[in-house]
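S.K.: Have a look at this one.
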Amino acid sequence: MNDRVCACLLVLFAVACGVPAAFAQSDPVSIFRQAIDARNRGDLEGLMKFFALDAVREDGSCNPPCVGEAAVRRSFEKNIAEHFQASLASVEGAGDTVTGRAEIRSDAFRAQGVDHRMTSYTIKFKGGKIVHWSSPLQGGPAPASPKQ
């Protein structure tokens, strides 16, 4: 067999066996990025599949913390309704913890005259699921762009 056929067969075998999907599901950095992407798309079900049933969320949407799947789900439903968007600036993983920074925007911020804010994330994992999501707002808000 030529090299091209061998390479194609290897790729097909890996896809059929679920190797890429299994890796993506077990890598905390990958899971975090997928969770952010799902929220940005407004895909609540896609987002919630990454959370443990007893997950805790602490941030501007959950203060005091949201505890358990139902409370975390409601908080993300509100984010999605507000067209919340996070643009990741950096992401790092160490064991069962992922940290990152992002610029965040939402209709709720814009209604307050704020264009965007920066936040940091600390996400804890257990058994491949998010068990603790923390993202406090940092510094002052950036003023909204003038309306035209």
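The values are calculated or read from the model by the stated rules, or taken from the named source; none is laboratory data. What you see is a predicted model; the values in this text were computed from it and never measured. Because the Cβ atoms are built from the backbone with ideal geometry, glycine has one as well, and the counts that use them run over all protein chains shown.
S.K.: Show the residue pairs that are 6+ apart or on different chains and have beta-carbon atoms under 6 Å apart, the first residue being within the range 118-132 and within 19 Å of residue 84 (Cβ to Cβ) and without any contact (Cβ under 8 Å) to a residue 60 or more places away in the chain, the second being polar (S, T, N, Q) and surrounded by 15 or more Cβ atoms within 10 Å (Cβ to Cβ).
M.R.: 122/99; 122/134
S.K.: Give, as residue ranges, the helices (runs of 4 or more DSSP H) completely inside the range 36-132 that count at least 3 residues that are more than 20 Å from residue 26 (Cα to Cα). Quick ask: steps written out before the conclusion?
M.R.: Values: elements: 44-48, 69-81, 107-111.
By residue number, 69-81, 107-111.
S.K.: Every residue in the range 63-122 that is in contact with a Phe, Trp or Tyr (Cβ under 9 Å, 6 or more places away or on another chain) and small (Gly, Ala, Ser), please.
M.R.: 86, 93, 95, 100, 102, 106, 108, listed by residue number.
S.K.: Please determine whether any residue of the range 43-58 is at positive phi and either under 13 Å from the mean Cα position of the chain (by Cα) or loosely packed, with under 15 Cβ neighbours inside 10 Å (or both).
M.R.: Looking only at the range 43-58, we keep the residues that are at positive phi, and these are none.
No: zero hits.
Table: residues versus (1) over 13 Å from residue 32 (Cα atoms); (2) surrounded by fewer than 13 Cβ atoms within 10 Å (Cβ to Cβ); (3) modelled with pLDDT of 95 or more.
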{"site": "87", "(1), (2), (3)": "no, yes, yes"}
{"site": "106", "(1), (2), (3)": "yes, no, yes"}
{"site": "111", "(1), (2), (3)": "yes, yes, yes"}
{"site": "122", "(1), (2), (3)": "no, no, yes"}
{"site": "131", "(1), (2), (3)": "no, no, yes"}
{"site": "137", "(1), (2), (3)": "yes, no, no"}
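S.K.: For the condition without any contact (Cβ under 8 Å) to a residue 40 or more places away in the chain and out of contact with any strand residue (DSSP E or B) (no Cβ under 8 Å at 6 or more places or on another chain), what is the one hit in 69, 82, 103? I'd like the intermediate steps shown before the answer.
M.R.: Working: 69 fails: out of contact with any strand residue (DSSP E or B) (no Cβ under 8 Å at 6 or more places or on another chain); 103 fails: out of contact with any strand residue (DSSP E or B) (no Cβ under 8 Å at 6 or more places or on another chain).
Answer to the selection: 82.
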